[in-house]
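Engineer: I have a structure here, written as structure tokens, and I will follow up with some questions on it.
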Amino acid sequence: MRVLVTGSSGQIGTNLALRLLRDGHEVFGVDKRPNGWVGSEFPTLLQDLAGHYSAFPGGINGVEYPEVDLVVHMAAHAKVHQLVRQPHRALENAIMTFNVLEFARGRSLPIVFSSTREVYGDVHRFEEYAEEAADFAFTESPYSASKIASEAMIYSYARCYGLPYLVFRFSNVYGRFDNDLARMVRVIPLFIHTMSHDEPVTVFGAEKTLDFTYVDDCVDGIVRGIDGLMEQRVVNETINLAYGQGNTLVRAAELIASEVGVEPKITLAPSLLGEVTHYVADTAKARQLLGYNPRVPLDDGIARAVAWFKEHREQHPEEESISSETLVAADAELGWKTEATIPERY
């Protein structure tokens with residue numbers, strides 16, 4: 001297949017592109033920044049998808065796209081608290097989805113969309129959240145609202161224009177290609193970086209329970225979905241992709257400390273505005289429709305993540321000297337109060 005991946009320079013996009021290439025497919029990426037992980041492994045168009053562009057059947061904003069068989073739309077502003085402080089970025093997420101949908105509609109292409117467990121909100125209504133449990137009335141943040149709006153656009157395009165889709169709701173994906181801390185601070189690589197220097201970390205929410213998903217499991221689910229969509233076996237479905245087991249953020253921090261060989265120094269603080277504090281995915285639908293079978297529990301995944309982090313730092317020793325102060329400055333617009341503090345987001 002020939003697959004267009006938006007957000008192809010991000011963590012999931014990069015891992016997905018490499019998996020598709022290994023499986024013998026062609027990949028064309030679109031992102032507003034170059035891929036700092038794998039360089040020129042696949043062609044990437046540098047383009048911001050968030051503009052109000054006129055309709056153009058051959059691509060977006062007058063830029064001709066190559067012939068493809070499928071679109072995987074992952075491009076989004078994904079920092080939850082950035083969107084709390086800058087809600088116009090949530091609108092940009094919806095605009096990106098609209099632009100990609102218009103391209104897909106013009107070419108009659110099926111689309112795979114990356115949504116998030118944020119759409120379920122923070123109501124402790126269920127132990128395991130099934131797909132039908134999402135309700136816009138429980139929206140916690142502009143980010144979750146942008147994903148709900150994007151899902152609604154996709155469903156409307158399916159009904160009005162016959163556009164085939166799959167929507168995947170991810171949960172706390174971590175692992176390979178997630179440690180570009182100067183650009184986007186994520187909790188697992190941040191804790192690895194900080195604890196490797198034997199420094200303290202802060203966890204917002206002592207009982208916060210999340211469903212951490214190792215990136216290879218996530219990508220395997222996406223690929224299974226792509227195959228099912230293209231073979232018309234699995235069409236117009238919304239599916240949770242996660243490991244299916246809850247772990248506290250405190251436990252994740254303790255596992256990281258063990259892997260890097262230090263005693264954990266953990267400060268507890270209240271959860272932040274817009275936080276989802278409890279989520280465990282119901283993965284029955286993914287298992288039934290896709291044969292999805294996640295294989296990497298958190299204990300194993302943290303070990304893999306730390307090993308990859310160390311290997312990457314050996315190849316890029318200049319990143320080792322990044323201080324907590326630098327990371328705080330990089331995210332200063334988000335208003336983080338202490339060093340090495342940020343909640344995990346998709």
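Engineer: For residues that are part of a loop (DSSP other than H, G, I, E, B) and more than 19 Å from Leu229 (Cα to Cα), scanning just segment 71-98, find the one that is most open to solvent (accessible area, probe 1.4 Å). Walk me through how you get there before you give the answer.
Structural biologist: Filtering segment 71-98 for residues part of a loop (DSSP other than H, G, I, E, B) gives 74-79, 86-87.
Restricting the remaining residues to those that are more than 19 Å from Leu229 (Cα to Cα) gives 75-79, 86-87.
Details: Ala75: 17, Ala76: 35, His77: 20, Ala78: 14, Lys79: 25, Gln86: 47, Pro87: 72 Å².
So the residue we want is Pro87.
Engineer: What's the number of the only condition in (1) among the hydrophobic types (A, V, I, L, M, F, W, C); (2) surrounded by fewer than 18 Cβ atoms within 10 Å (Cβ to Cβ); (3) touching a residue at least 60 places away in the same chain (Cβ under 8 Å); (4) closer than 23 Å to Leu91 by Cβ that Leu46 fails to meet?
Structural biologist: (3)
Engineer: While we're looking at this one, here's another question. Restricting the search to segment 196-213, which residues are open to solvent by 10 Å² or more (accessible area, probe 1.4 Å) and outside any loop (DSSP other than H, G, I, E, B)?
Structural biologist: Within segment 196-213, Ser196, Thr202, Phe204, Thr209 meet the criteria.
Engineer: As an exercise: evaluate Asp122 against (1) out of contact with any Leu (no Cβ under 9 Å at 6 or more places or on another chain); (2) at pLDDT 95 or above; (3) outside any strand (DSSP E or B) and give the number of the one condition it does not meet.
Structural biologist: Result: Asp122 fails condition (2) only.
Engineer: Can I ask one more? Restricting attention to segment 23-60, which residues are modelled with pLDDT of 95 or more and among the polar types (S, T, N, Q)?
Structural biologist: Thr44, Gln47
Engineer: Continuing with the same structure: Looking at (1) more than 17 Å from Phe170 (Cβ to Cβ); (2) touching a strand residue (DSSP E or B) at 6+ places or on another chain (Cβ under 9 Å); (3) hydrophobic (A, V, I, L, M, F, W, C), find the lone condition where Ala305 falls short.
Structural biologist: Failing condition for Ala305: (1).
Engineer: Right, something else. When segment 233-279 is examined, which residues are found to be of a type in the set (S, T, N, Q), in contact (Cβ under 8 Å) with a residue 40 or more places away in the chain and open to solvent by 10 Å² or more (accessible area, probe 1.4 Å)?
Structural biologist: Asn236, Thr238, Gln245, Asn247, Thr248, Thr267, Ser271, Thr277, listed by residue number.
Engineer: Next question. For Gly59, only one of the following conditions fails: (1) free of Cβ contacts under 8 Å to residues at least 60 places away in the same chain; (2) open to solvent by 10 Å² or more (accessible area, probe 1.4 Å). What is its number?
Structural biologist: (2)
Engineer: Based on this model, can you work out whether Leu101 counts as open to solvent by less than 20 Å² (accessible area, probe 1.4 Å), touching a helix residue (DSSP H, G or I) at 6+ places or on another chain (Cβ under 8 Å) and assigned to a helix (DSSP H, G or I)?
Structural biologist: Details: open to solvent by less than 20 Å² (accessible area, probe 1.4 Å): yes; touching a helix residue (DSSP H, G or I) at 6+ places or on another chain (Cβ under 8 Å): yes; assigned to a helix (DSSP H, G or I): yes.
In short, yes.
Engineer: Does any residue in segment 16-30 that is part of a loop (DSSP other than H, G, I, E, B) come within less than 6 Å, Cβ to Cβ, of a residue that is aliphatic (A, V, I, L, M) six or more places away or on a different chain, and which pairs are these?
Structural biologist: His25/Met1; His25/Val3
Engineer: Still on this structure: Right, Ile154: part of a helix (DSSP H, G or I) and either open to solvent by 10 Å² or more (accessible area, probe 1.4 Å) or farther than 19 Å from Met74 by Cα (or both) or not?
Structural biologist: No, not satisfied.
Engineer: Shifting gears a bit: For Asp227, state whether it is open to solvent by 10 Å² or more (accessible area, probe 1.4 Å), farther than 24 Å from Ala303 by Cα and at pLDDT 95 or above.
Structural biologist: Criteria met by Asp227.
Engineer: Something else: Being assigned to a loop (DSSP other than H, G, I, E, B) and within 22 Å of Asp217 (Cα to Cα), is that true of even one residue in segment 48-60?
Structural biologist: No, that holds for no residue.
Engineer: Looking only at segment 250-280, which residues are under 19 Å from the mean Cα position of the chain (by Cα) and modelled with pLDDT of 95 or more?
Structural biologist: First, pick out the residues of segment 250-280 that are under 19 Å from the mean Cα position of the chain (by Cα): 252, 274-280.
Result: Ala252, single match.
The values are calculated or read from the model by the stated rules, or taken from the named source; none is laboratory data. Computed from a prediction, not measured in an experiment: that's the story for all the values here. With ideal geometry, Cβ positions are generated from the backbone for all residues, glycine too; neighbour counts draw on all protein chains shown. Ligands, DNA and RNA are stripped out before the accessible areas are found, and what is left, the full protein with its side chains, is counted by its heavy atoms. Shrake-Rupley method; radii C 1.70, N 1.55, O 1.52, S 1.80 Å.
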